[in-house]
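Have a look at the structure below, then the notes.
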Amino acid sequence: MNATQASNRELLAAGLVDRIQVTVFPVVSGQTGSAPVFAGAPDLDLRLVSHQVFDGQIAEFTYELCRRI
């Protein structure tokens, strides 16, 4: 885990995050991928507030945190 991942998890755990933005690229890196992005994060209930598709391939989702589960 790098410093940015640790900071993001700490901010989530402290309840200091209002929204999460996830960008999905059309690539599967099963053999070469690293640890899941949200591994170790608290369980959260999310509500989709917006989404966009760029170039018909890249998808961006913005979620609002509703509450901790």
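The values are calculated or read from the model by the stated rules, or taken from the named source; none is laboratory data. Worth saying up front: this structure is predicted, and the values here are computed from it rather than measured. Methodologically, a virtual Cβ is constructed for each residue, glycine included, from the backbone with ideal geometry; neighbour enumeration extends over all protein chains shown. Only protein heavy atoms, including side chains, enter the accessible area calculation; ligands, DNA and RNA are left aside. Shrake-Rupley method; radii C 1.70, N 1.55, O 1.52, S 1.80 Å.
Quick notes on this one:
- Residues in the range 45-57 that are over 15 Å from the mean Cα position of the chain (by Cα) and touching a residue at least 24 places away in the same chain (Cβ under 8 Å): 57 alone.
- Members of the range 21-69 that are at pLDDT below 90 and aromatic (Phe, Trp, Tyr): 25, 38
- In the range 3-50, of all residues being in contact with a strand residue (DSSP E or B) (Cβ under 6 Å, 6 or more places away or on another chain) and among the polar types (S, T, N, Q), the one that is most open to solvent (accessible area, probe 1.4 Å) corresponds to 21.
- Residues of the range 51-66 that turn out to be assigned to a strand (DSSP E or B) and open to solvent by 50 Å² or more (accessible area, probe 1.4 Å), as a count: 8
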